[in-house]
Amino acid sequence: MTPSAALVLHTNPYSNNARKVHALLAEPDMQGLAVERRVLRMLLGETRTPEFLALNPNGKVPLLQIDGEPLFESNAICIELARRAGSGLWPDDERARSLALQWMFWQATTLDRPCGAVVVQRILVPMQGGAPDAAIIERELKAVHAAFAILDGHLAGRCWMLGDAFSVADLAIAGSLAYAAEAALPVAEHAHLAAWWSRLIARPSWKAASPPPLPSPAT
Ligand SMILES: N[C@@H](CCC(=O)N[C@@H](CS)C(=O)NCC(=O)O)C(=O)O
């Protein structure tokens with residue numbers, strides 16, 4: 001384990017990107033790591049204050065401070081924390097690390113945007129009193145299906161994204177699917193992906209990171 005540093009996670013229980021980090025921290029071999037959590041209420045603008053923007057100019061959670069130094073992007077935060085804990089969730093093997101990074105970049109560049117767009121239309125827009133835009137949903141669902149087909153092909157014959165071992169790559173992908181049920185993302189139409197998702201959501205760490213029921217706009 002890396003020598004201890006003061007670790008502060010700025011977060012929100014409803015953030016799908018923060019949920020990856022919460023689930024990681026709930027994994028058994030992460031228990032030696034002390035991380036203070038500070039909840040920011042996104043819908044009240046707490047991620048847009050000058051103080052927070054000075055730490056993360058993107059104005060987004062999660063954000064990790066390591067002895068005061070900021071680190072943004074949930075995937076980078078997961079790697080940093082797993083590495084500090086000496087956890088095998090960030091694999092030891094160099095080839096496995098490259099593959100983990102491959103899937104984590106792919107999640108951030110290809111999978112997350114269309115999944116997020118459908119979640120916004122089907123959950124956030126109605127929560128704020130608006131009407132979902134059917135054209136956006138139709139367009140983004142095509143990209144979701146294309147990305148899910150890639151995952152489905154990869155997961156055929158694999159238990160987890162890197163094979164037999166659960167890793168930060170699984171948590172990265174899970175972040176994009178966090179609201180799959182509520183937003184009716186078409187996971188069930190891709191059998192290998194659906195089987196992986198069932199295994200993932202059965203993990204005690206994922207359950208421990210579940211947010212309370214969806215909030216009112218004041219959170
Ligand atoms: N790529 C970033 C995305 C972070 C992100 O989109 N965070 C959202 C919550 S899931 C947020 O903080 N939104 C608040 C805002 O935009 O004001 C990551 O993976 O950390």
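The values are calculated or read from the model by the stated rules, or taken from the named source; none is laboratory data. Since this is a predicted model, take the numbers as computed values, not measurements. Here Cβ is always computed from backbone atoms with ideal geometry, including for glycine, and neighbour counts include all displayed protein chains.
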Worksheet item: Can you find even one residue in the stretch 54-70 that is among the hydrophobic types (A, V, I, L, M, F, W, C), in contact with a strand residue (DSSP E or B) (Cβ under 6 Å, 6 or more places away or on another chain) and over 22 Å from residue 26 (Cβ atoms)?
Response: yes
Worksheet entry | Every residue from the stretch 12-32 that is surrounded by fewer than 21 Cβ atoms within 10 Å (Cβ to Cβ) and closer than 14 Å to residue 173 by Cα | 16
Worksheet entry | helices (runs of 4 or more DSSP H) contained in the stretch 102-195 and holding at least 2 residues at pLDDT 95 or above and surrounded by fewer than 21 Cβ atoms within 10 Å (Cβ to Cβ) | 112-119, 134-155
Worksheet item: Somewhere in the stretch 51-62, is a residue within 12 Å of the ligand (Cβ to nearest atom), part of a loop (DSSP other than H, G, I, E, B) and hydrophobic (A, V, I, L, M, F, W, C)?
Response: yes
Practice prompt. Out of 95, 83, 41, 48, report the one residue that is more than 15 Å from the ligand (Cβ to nearest atom), modelled with pLDDT of 95 or more and surrounded by fewer than 14 Cβ atoms within 10 Å (Cβ to Cβ).
Written response: 95
Discussion item. It is to be established whether one or more residues within the stretch 39-49 are out of contact with any strand residue (DSSP E or B) (no Cβ under 7 Å at 6 or more places or on another chain) and under 13 Å from residue 8 (Cβ atoms).
Written reply: no
Response to the item:
For the stretch 105-136, the count of residues that are closer than 24 Å to residue 192 by Cα and without any contact (Cβ under 8 Å) to a residue 60 or more places away in the chain equals 7
Fill in: Residue within the stretch 69-78 that is among the aliphatic types (A, V, I, L, M), within 14 Å of the ligand (Cβ to nearest atom) and closer than 15 Å to residue 104 by Cα present
yes
